[in-house]
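The values are calculated or read from the model by the stated rules, or taken from the named source; none is laboratory data. Note that this is a predicted model, so its numbers are computed, not measured. Cβ: placed from backbone, ideal geometry, glycine included. Neighbour counts: every protein chain shown. We work out accessible area using only protein heavy atoms, side chains counted, and drop any ligands, DNA or RNA first. Shrake-Rupley method; radii C 1.70, N 1.55, O 1.52, S 1.80 Å.
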Amino acid sequence: MIHIAGSIRVNDIEGAKAAIEELTTASRAEAGCVEYSLSFDLLEANLVWINERWESMEALGAHAQSAHYNAWSAKAGELGISDSDVRLYTEEPTKL
């Protein structure tokens, strides 16, 4: 299992909401996507938390080459995305 977790900051919050909705909807429909969510922090409006789980590196690689991910990446400049702190972890699923 591959886990992507981290945060980014956005200047254009309204534009980011629409772009995040499109990205999330399309990403959740991808083969190998276990979980995909981007959410705004309640106390810092321009802070977006990222949480993704993928079945494999191959699934994540396909996601990184998808049209919807590339559209999101192309919008980064106009949305004012900065302070990216996103990390990849490999894990064995364990319920607590």
For the stretch 78-88, does any single residue satisfy the condition of being open to solvent by 70 Å² or more (accessible area, probe 1.4 Å) and without any contact (Cβ under 8 Å) to a residue 60 or more places away in the chain? no
For the stretch 53-67, check the following and say yes or no: at least one residue is among the small types (Gly, Ala, Ser), more than 14 Å from the chain's Cα centre (by Cα), open to solvent by less than 90 Å² (accessible area, probe 1.4 Å) and closer than 16 Å to residue 6 by Cα. no
Pairs please, first residue from the stretch 53-69 and under 11 Å from residue 30 (Cα atoms), second anywhere and buried (at least 17 other Cβ atoms within 10 Å of the Cβ) and among the small types (Gly, Ala, Ser), Cβ atoms under 6 Å, 6+ apart in sequence or on different chains. 68/26
Within the stretch 14-50, of all residues that are part of a strand (DSSP E or B) and open to solvent by less than 40 Å² (accessible area, probe 1.4 Å), the one nearest to residue 2 (Cα to Cα) is 33
